[in-house]
Amino acid sequence: MNRQISLLQSVALGFLGLACFLGFWQGMSMSGIVSNIFLPSPLEVYERFTTLIERRFAGATLPGHLAASFMRFAYGFLLAALIGIPLGLLMGWYQLLDEIVSPLFDALRFVAPIAWVPFAALWFGTGIGGPIMIIFAGAFPPCVINAYRGAKFVDPRLIEAANMLGTPSRRVIMEVLLPSSVPSIISGLRVSAGLGWQSLVGAELIVASAGVGYMMVQGQANIQTHTVMAGMVAIGLVGLALDSALRGAERVIQKRRGLEQ
Amino acid sequence: MGVIQFKDVGKIFGPRDKGFVALKDIDLEIRDKEFMAIVGPSGCGKTTCLRMVAGFEDATDGVVSVDGTPIKRPGPDRAVVFQQFALFPWKSVYDNIDLGLRNLNVSSSERSKRIEAILNLMNLTQYAKHFPHQLSGGMQQRVAIARAYVLDPDVLLMDEPFGALDAQTRVVMQEELVRLARKNPRTVLFITHAVEEAVYLADRVAIMTRAPGQIKEVLDVASVRNAENWDSHEKIEDVMDLESFVHLRTHIWRSLREEKAAQHA
């Protein structure tokens, strides 16, 4: 039987998991079983993290690197949403388009974003274009898939209602299909933001100016494992914040529709 | 005008040779401005009849037509009221009613005039800005009826519209529909399995057989209603007490009971 867990309990349990993890990690590095270069301790990573916030490393402070990364991510993510959502909706509505695009799309989406690195650099350069393309490659599929699902699983009675009211196709797509798919699209955007943000390090392997990924690559080159770890922590935290923001948006939209208390 | 005609209509779901035969040899004419109710045991294909007039389903055999034109697709000349309301959850009451008028390219001043009139008629004025989920089932169905009526359709198709409502709400809605239908007569095709509802509302009641559905009998209620002056009674329970009402109701009950019995035999 499943007991209800209160919000407070759930937060406490989350912290418990984190504390155990950090404790184990700290214990491992303090025990001397593994060397510090192999596994910097959490305290060391924390110190490095705070230092990086103020001091420049690889040309910028950590917030500076994050800002650069976030810009690239935002472009790639928005581009993916702007192209992916309409494409998914149209595929869900027009069967012909679905038949033409689906096989190609299904094959391409299994190619990991990082596999595009050489071509991204070749086609769009290592400035802003290349990294954006890699983030786009990560963020695009969930946008398409969820918009498509949203359109496919629209309540058929609502389509019938729209048809009997004489609604033209374009208006059915904009006023029935799209709003009906919003919950699915938002959860797609959540996955998409996650995958896009994950593709960041790969994307920044090929940039030579600023960005968290770039910072980590430089840290690796200088054998500064704590810098690499600090970068990982920053990526994790920003990812978490991104996901919470989109989850919040999801909840607000559900609530406005009366689908959730 | 709004004459609905079923001519030798058959409907088979699935392949012709081994599919499910839902309807067979349906011949029925619903006159202009007539309120026709179809009753029948569940699964007899009465909703399929309505869906063919709406243009949601094709007839496998025969022709379904309105004013002599065979039906090809759904359209605002045949407005539908669904059992589950089918309101757009993301549109306000006002916008739900507005959509059909916008599709007909009615000018915005004319639209707001017509919507206000129908909101007023259906006692919905104060709920114009509400969203469907903020309303009770009865209120939602009022909106759905308003959405259909505002288009001034030749034909109004109602698919067990009160089936999802509780008994009290149902009675209020039936009385209101009578009021509305007498004030703005339309050709109405009304599907129900509630016998009393059919007798109370309709000019004629068509009784269907079990699947494959056929028209078993068509009863003329209007002549009895006029002869016995049912409309002088305001409340449904007063009409339901009348001997002429009870007589018709019992007749339909018996007829349906036969079908039920044959189904289980």
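The values are calculated or read from the model by the stated rules, or taken from the named source; none is laboratory data. If you're wondering where the values come from, they're calculated on a predicted model, not measured in any experiment. Note that each Cβ is placed from the backbone with ideal geometry, even for glycine, and that neighbours are counted across all protein chains shown.
What to note about this one:
Okay, residues lined up against (1) among the hydrophobic types (A, V, I, L, M, F, W, C); (2) at pLDDT 95 or above; (3) under 17 Å from the mean Cα position of the chain (by Cα):
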{"position": "B:ARG51", "(1), (2), (3)": "no, yes, yes"}
{"position": "B:ASP58", "(1), (2), (3)": "no, no, no"}
{"position": "B:ILE97", "(1), (2), (3)": "yes, yes, no"}
{"position": "B:GLY100", "(1), (2), (3)": "no, yes, no"}
{"position": "B:LEU121", "(1), (2), (3)": "yes, no, no"}
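- Meets criteria (among the aliphatic types (A, V, I, L, M), within 14 Å of chain B (Cβ to nearest Cβ) and surrounded by 20 or more Cβ atoms within 10 Å (Cβ to Cβ)) for A:LEU189: no
- The number of residues in the range B:75-90 that are at the interface with another protein chain (Cβ under 8 Å from one of its Cβ atoms), part of a loop (DSSP other than H, G, I, E, B) and closer than 30 Å to A:GLN254 by Cα comes to 7.
- The number of residues in the range A:167-179 that are buried (at least 21 other Cβ atoms within 10 Å of the Cβ) and either among the polar types (S, T, N, Q) or at the interface with another protein chain (Cβ under 8 Å from one of its Cβ atoms) (or both) comes to 2.
- Condition check for B:ASN105: of a type outside the set (Val, Ile, Thr), assigned to a loop (DSSP other than H, G, I, E, B), more than 14 Å from chain A (Cβ to nearest Cβ) and surrounded by fewer than 19 Cβ atoms within 10 Å (Cβ to Cβ): no
- Positions within the range B:201-212 being of a type in the set (A, V, I, L, M) and assigned to a loop (DSSP other than H, G, I, E, B), in sequence order: B:ALA202, B:ALA211
Table: residues versus (1) part of a helix (DSSP H, G or I); (2) of a type in the set (S, T, N, Q); (3) within 14 Å of another protein chain (Cβ to nearest Cβ); (4) over 27 Å from B:TRP90 (Cα atoms).
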position: B:HIS133; (1), (2), (3), (4): yes, no, yes, no
position: B:ALA144; (1), (2), (3), (4): yes, no, yes, no
position: B:ASP152; (1), (2), (3), (4): no, no, yes, no
position: B:PHE162; (1), (2), (3), (4): no, no, no, no
position: B:ARG170; (1), (2), (3), (4): yes, no, no, no
position: B:VAL178; (1), (2), (3), (4): yes, no, no, yes
position: B:LEU189; (1), (2), (3), (4): no, no, yes, yes
position: B:HIS193; (1), (2), (3), (4): no, no, no, yes
position: B:VAL199; (1), (2), (3), (4): yes, no, no, yes
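- Top-ranked residue in the range A:203-261 [being away from every other protein chain (no Cβ under 14 Å) and at positive phi; ranked as surrounded by the fewest Cβ atoms within 10 Å (Cβ to Cβ)]: A:ILE223
- Screening the range A:38-70 for residues that are in a helix (DSSP H, G or I) and among the β-branched types (Val, Ile, Thr) and picking the one that is farthest from the chain's Cα centre (by Cα) gives A:THR51.
- Segments classed as helices (runs of 4 or more DSSP H), wholly inside the range A:167-261, with at least 3 members that are touching a helix residue (DSSP H, G or I) at 6+ places or on another chain (Cβ under 6 Å): A:178-198, A:200-204, A:212-221, A:225-256
- Evaluating B:VAL63 against the criteria (1) at the interface with chain A (Cβ under 8 Å from one of its Cβ atoms); (2) surrounded by fewer than 19 Cβ atoms within 10 Å (Cβ to Cβ); (3) assigned to a strand (DSSP E or B); (4) not aromatic (Phe, Trp, Tyr) leaves one unmet condition, (1).
- Within the range B:136-164, residues that are without any contact (Cβ under 8 Å) to a residue 24 or more places away in the chain reach partners that are not in a loop (DSSP other than H, G, I, E, B) with beta carbons closer than 8 Å, at six or more positions or on different chains, in the pairs B:MET139/B:TYR127.
- Verdict on B:VAL178 being under 29 Å from B:ALA222 (Cα atoms), in the same structural domain as B:GLY45 (by TED's automatic domain parsing) and touching a residue at least 60 places away in the same chain (Cβ under 8 Å): no
- Breaking point among (1) under 19 Å from the mean Cα position of the chain (by Cα); (2) more than 14 Å from chain B (Cβ to nearest Cβ), for A:PRO183: (2)
- Filtering the range B:119-156 to residues that are among the basic types (Lys, Arg) and under 25 Å from B:ARG51 (Cβ atoms) leaves B:ARG142, B:ARG147.
- Matching entry among B:LYS113, B:LYS72 (being basic (Lys, Arg), more than 8 Å from chain A (Cβ to nearest Cβ) and over 22 Å from the mean Cα position of the chain (by Cα)): B:LYS113
- Meets criteria (surrounded by fewer than 20 Cβ atoms within 10 Å (Cβ to Cβ), within 14 Å of another protein chain (Cβ to nearest Cβ) and of a type in the set (Lys, Arg)) for A:ARG149: no
- Residue in the range B:117-130 that is among the β-branched types (Val, Ile, Thr), more than 22 Å from A:THR167 (Cα to Cα) and in contact with a helix residue (DSSP H, G or I) (Cβ under 6 Å, 6 or more places away or on another chain) present: yes
- Qualifying residue in the range A:1-8 (condition: among the charged types (D, E, K, R) and part of a helix (DSSP H, G or I)): no
- Some residue of the range A:86-95 being assigned to a helix (DSSP H, G or I) and within 14 Å of chain B (Cβ to nearest Cβ): no
- A count restricted to the range B:17-58 and to residues that are of a type in the set (D, E, K, R) and in a strand (DSSP E or B) stands at 4.
- Complete set of residues in the range A:154-166 that are facing chain B (nearest Cβ under 7 Å) and out of contact with any Gly (no Cβ under 6 Å at 6 or more places or on another chain): A:ARG157, A:LEU158, A:GLU160, A:ALA161, A:ASN163, A:MET164
- Residue in the range A:18-37 that is part of a helix (DSSP H, G or I) and under 27 Å from A:ILE206 (Cβ atoms) present: no
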